[in-house]
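To start, the structure itself, in structure tokens.
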Amino acid sequence: FQSKLPTTALSIFSQMSALAETHGAVNLSQGFPDYPVAEELLSLVDRYMRKGYNQYAPMAGALPLRETLAAKVDTLYGVAVDPQEEITVTAGGTQALFTAITAVVRPGDEVIIFEPAYDSYRPSVELCGGRVVPIRLKGPDFKIDWGAVRRTITAHTRLIIINNPNNPSTKVLTRQDLEALEQLLQESSIFVLSDEVYEHMVFDGRKHYSVLQFPGLRSRSFTVASFGKLLHATGWKMGYVVAPPSLTAEFRKVHQFNVFSVNTPMQYAIAEYLQREEHYLYLSPFFQEKRDYLTKGLETSRFRVHHSEGTYFLLVDYSEISSQSELAFAKQMAAEYRVAAIPLSAFYSEPTEQRLLRLCFAKAIPTLQQAVDRLLKI
Ligand code: PMP
Ligand code: GLN
């Protein structure tokens with residue numbers, strides 16, 4: 001048997017979390033919160049389960065949830081989306097990405113991604129017989145050269161995947177970036193997959209621009225969101241996708257045979273919980289405080305901290321400490337100093353010269369304190 005993904009190994013997130021467990025390390029590698037989900041939300045889940053909301057949800061998602069999400073999109077972006085025709089509830093951002101890719105990518109199609117890139121994009125494209133065409137971005141600014149993107153587009157380009165705010169670079173695209181993309185695609189039939197799972201985490205007064213706000217992008221885009229990030233509940237594996245009716249119809253053709261529908265009681269609970277804007281508007285300041293805590297804590301360390309613009313990650317440069325590869329250094333740091341991080345090389349298809357690790361700060365302050373104490377000893 002010839003593997004369909006011959007070069008794919010166990011994901012770096014599983015690898016590093018396992019290593020953290022083995023060594024009793026503070027786990028700042030895989031991105032997930034270590035503090036509880038809101039009590040009010042837990043009570044709502046309990047209530048809907050007891051009320052009997054325990055059978056299949058509608059294939060596209062519970063309508064009250066889709067209505068609440070349409071209201072959220074309007075509040076955040078001033079854009080009206082149709083909950084019936086344009087929103088589908090998924091089993092996390094990962095399934096939304098996979099299903100969108102499966103819905104549009106055919107054998108021989110080219111898909112442009114920007115590296116560092118989230119690890120699920122490439123295998124999802126390759127399983128469809130598509131060919132990934134990476135555009136490499138380098139730190140510290142990881143800026144996209146839209147002229148280079150134009151030169152990378154060919155007659156075979158089917159899809160461009162963007163991730164904004166970006167995991168792992170933490171960069172937030174500007175209005176000019178999105179206008180450049182919109183203009184670039186004006187005459188084309190290329191689709192856009194916009195991974196916006198960190199839409200609620202942007203710092204220092206920055207604004208998150210969604211592709212939904214740019215008509216020339218909205219008409220060709222799948223926009224992906226995750227309740228894991230929004231509700232500090234990565235284990236619930238819930239998310240959603242927004243796309244124009246024609247793309248939503250194609251998405252649902254795949255979705256119904258992929259999962260058909262997702263967790264019913266949680267959909268109703270989330271629908272009620274997110275009716276209150278304060279349940280999502282607090283997230284940027286909430287995470288900015290954690291970013292600031294970790295950044296300040298490492299100020300006197302031998303790591304050079306890169307400014308984090310968004311997401312719940314930050315990058316640290318260890319070139320003053322070691323010349324080892326990122327993976328080797330991350331493994332050593334987990335074993336000897338007992339702090340686990342993700343090597344940035346995991347997000348590139350070819351080796352780089354960088355010396356960067358990604359740290360997750362979606363943690364309670366005592367956890368961050370413990371990590372800082374250990375990292376100051378290096
Ligand atoms: N995209 C990016 C950039 C992510 O970081 C993640 C989760 N870490 C996902 C998608 C997947 O989201 P979910 O956990 O909801 O599947
Ligand atoms: N998205 C999370 C991260 O970037 C992890 C997701 C996963 O474990 N697959 O850390």
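Quick note: the coordinates plus some simple rules give every number you see, no bench work behind them. Note that the structure is predicted; figures quoted are calculated from it, not measured. Note that we place each Cβ from the backbone using ideal geometry, even for glycine, and neighbour counts take in every protein chain shown.
In the stretch 3-69, what trypsin sites (Lys or Arg not before Pro) fall in a loop by DSSP, with at most 11 other Cβ atoms inside 10 Å? Walk me through the numbers before you get to the answer.
Working: sites: LYS4, ARG47, ARG50, LYS51, ARG66; in loops: LYS4, LYS51.
Loop-located and lightly packed - LYS4, LYS51.
Can you list the equivalent-ellipsoid semi-axes of the stretch 181-283, largest first and in whole Å, using the square root of 5 times each Cα gyration tensor eigenvalue?
On the way: eigenvalues 126, 88, 21 Å².
The three semi-axes for the stretch 181-283 are 25, 21, 10 Å.
Taking N as the number of residues in the chain, what value does Rg over Cα atoms divided by 2.2 N^0.38 Å take?
Working: Rg = 20.4 Å, N = 378, 2.2 N^0.38 = 21.0 Å.
Relative to the rule-of-thumb radius for its length, the chain sits at 0.97.
Given a Förster radius of 41 Å and the C-beta distance between ILE135 and ASN258 as r, what FRET efficiency does 1/(1 + (r/R0)^6) yield to the nearest 0.05?
Numbers: r = 29 Å, r/R0 = 0.70.
E between ILE135 and ASN258, to the nearest 0.05, is 0.90.
Find the centroid of the Cα atoms in the stretch 348-378 and in the stretch 144-173, then give the distance between the two in whole Å.
26
Starting from the Cα gyration tensor of the stretch 258-378, multiply each eigenvalue by 5, take the square root, and state the resulting semi-axes largest first in whole Å. Write out the running numbers ahead of the final one.
Numbers: eigenvalues 212, 75, 34 Å².
Each semi-axis is the square root of five times an eigenvalue, giving 33, 19, 13 Å.
Ignoring solvent entirely, what values of log10 I(q)/I(0) come out of the Debye formula for the stretch 127-216 at 0.15, 0.21, 0.24, 0.25 Å⁻¹ when each Cα is a single scatterer?
-0.60, -1.19, -1.49, -1.57
Suppose the Debye formula is applied to equal point scatterers at every Cα of the stretch 55-101; what is log10 I(q)/I(0) at q = 0.23, 0.25 Å⁻¹?
Taking Cα atoms of the stretch 55-101 as identical point scatterers yields -0.88, -0.97.
Of LYS171/LYS296; LYS290/LYS331; LYS138/LYS377, which sit over 27 Å apart, Cα to Cα?
In this structure, LYS138/LYS377 lie more than 27 Å apart at Cα.
Report, in listed order, any pair from LYS72/LYS207; LYS72/LYS253; LYS72/LYS363 with a Cα-Cα distance greater than 18 Å. Provide the component values of the computation, followed by the final result.
Working: LYS72/LYS207 16 Å; LYS72/LYS253 26 Å; LYS72/LYS363 26 Å.
Violating the 18 Å limit, Cα to Cα: LYS72/LYS253; LYS72/LYS363.
Under 4 °C and 1.567 mPa s, how fast does the stretch 55-276 diffuse according to Stokes-Einstein, given a Kirkwood radius computed over C-alpha pairs? Answer in µm²/s, whole number. Mind dumping the intermediate values first?
Details: Rh = 17.5 Å.
In µm²/s, the coefficient is 74.
Go ahead and estimate [θ] at 222 nm for the chain from helices alone: -39,500 (n - 2.57) per DSSP H run with n ≥ 4, summed, over the residue count, rounded to 500. Provide the component values of the computation, followed by the final result.
Values: 16 runs with 150 residues, N = 378.
Calculated at 222 nm, the ellipticity per residue is -11500 deg cm²/dmol.
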